[in-house]
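Visitor: This is the structure I want to talk about, given as structure tokens.
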Amino acid sequence: MRAIGLLAGVGSLLREAQDAGFDIVGNIETRTPYRTGRHLSWDLNFPHAALVNRLDFTQVFEKGTQVDDFFEPDLAIGHPPCGSHSQLGNSGQPADKTTAERRIMQARRHARVGLLPLYTQHVRLLRPRMFVLDNLPKILTTVAPPAWWHSELPGYRLTFITMVNWDYGTPQLRKRLWIVGTRSTKPFTFVPTKQRVPGPLTATEAFEGLPWEPWKNNPTIGHVHVSPHMMLTGDYRTTVKDFSVTQASQLGLGFLAIPPDRAWPYTTRFGRLAVKIGRQRLDFGKRSRTLTGLPSIHHPLTGWPLTARERARLMDWPDDFVLGNVNTMYDRTALMRLTLFTGKAVPSGFPRYLMPQLIKHLRRT
């Protein structure tokens, strides 16, 4: 059976499809970071599958893939971004904005539909036997209610699944929406788990076997720490208690000075004390905070940004899902790309659980 990615990002969903028995044709991905950073992951994990931008035929032929293989596959799977509808996206408003200004910004985010129309457009064009996508539950009450999906994809019977990744073995909560569409006359019926699928309960369990000291790296699996003197990206350069933070080592010390799970404090340019939403150090004895595309979650023992492999462990990805290798230059650009890849992705526990049910439905229909 053939599977393609539709906005499948770094390809963790396709990896689960491949492990379940699907032949991976390729991934149609319009977002620039995934295509410019393909040497860090895609080309290493799927050397024979095409990564294309809106069915660029030249790119397909370069991999030796037949264009026809993208049409009417057995499965299309992906996680198209839906705009800025996450809790962090709506709550991280500048502290110096007025209440009215923050409400205007929230309204704009609320109206963004992201790449959902592009996803449904490609489903109509390519006509997979079944499609699957991951997104945020709130889109069903905001930009894409069930009626929108039925009008966009009239040839498909749709199943809406609201689940929590924690229940499927992932050490993060991550409540998510999955939509399954099938062209068969029989709709897909999902059978949820009755008890938590085995998996790490805490960051301690997730990081087992990975050296935590910043000078101990394992580049063969992408477990590489930032350089102590590497300049930071993001919102950490603000003065915290008269301590100017510009480098990774300083950031680690700063996070060790505040309790785990406490957001990073700073002083605004107006002299007001505030916190950076979502910028926290993990508590080893608790489940992880939700990862994002920023290096905002930090190691519980060192305070340093998590490595790509530590982040991948929190996403339930197998260690042989490649995130760079011994030949990779883990410079600032590469590390930021891998942070984006692991944060704006999908934990593997649930799709690993779901795949056998998808295959069973396809074989019956």
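Read the figures in this text as sums done on the coordinates, not as results from a lab. All values derive from a computational prediction rather than experimental measurement. Note that we place each Cβ from the backbone using ideal geometry, even for glycine, and neighbour counts take in every protein chain shown.
Visitor: Considering amide H positions built from the backbone, and no H for Pro or chain starts, which residues 5 or more places from residue 197, or on another chain, come under 5 Å of its amide H?
Guide: Answer set, sorted by chain and number: 168, 169.
Visitor: Give me the percent relative contact order of the stretch 191-339, please, defined on Cα pairs under 8 angstrom at least 6 residues apart.
Guide: Relative contact order, the stretch 191-339: 28 percent.
Visitor: Suppose the chain between residue 71 and residue 185 were pulled fully straight at 0.36 nm per residue; how much longer would it get relative to their current alpha carbon spacing?
Guide: Taking residue 71 through residue 185 to full extension adds about 39.0 nm, to one decimal.
Visitor: Related question: Which far-off residues, 5 or more places away or on another chain, put their amide H under 5 Å from the one on residue 304, with H placed in the peptide plane?
Guide: 299
Visitor: Name the residues of the stretch 275-292 whose amide N is less than 17 Å from a point 7 angstrom out from the Cα of residue 301 along the C-beta direction?
Guide: 281-286
Visitor: So, by mean Cβ neighbours within 10 angstrom, what's the order for 35-43, 348-356, 149-157 with the highest one leading?
Guide: Going from most to least packed, we get 348-356, 35-43, 149-157.
Visitor: Is it possible to state the helix-based mean residue ellipticity at 222 nm for the chain, with each DSSP H run of 4+ residues giving -39500 (n - 2.57), the sum divided by total residues, to the nearest 500 deg cm²/dmol? What is it?
Guide: After summing the helix terms and dividing by residue count, I get -8000 deg cm²/dmol.
Visitor: Follow-up question, since we're still on this one. Roughly how tilted is helix 99-111, in degrees to the nearest 10 and between 0 and 90, from the longest Cα axis of the chain?
Guide: Between helix and principal axis, roughly 30 degrees.
Visitor: Working from Cα positions, state the angle (0 to 90°, nearest 10) between the long axis of helix 349-364 and the longest principal axis of the chain.
Guide: Computed tilt is about 0 degrees.
Visitor: Please list 3J(HN,Hα) in residue order for the stretch 338-345, calculated via the Karplus relation 6.51 cos²θ - 1.76 cosθ + 1.60 where θ = phi - 60°; whole Hz, with x for glycine and proline.
Guide: Rounded to whole hertz, the list is 5, 5, 4, 4, 7, x, 9, 9.
Visitor: Report, to the nearest 10°, how far helix 116-126 tilts away from the longest principal axis of the Cα atoms in the chain, using its own Cα long axis and a range of 0 to 90°.
Guide: 30 degrees
Visitor: Moving on. Report, by chain and number, residues whose modeled amide H sits under 5 Å from the one on residue 281, excluding near sequence neighbours (fewer than 5 apart, same chain).
Guide: 261, 262, 298
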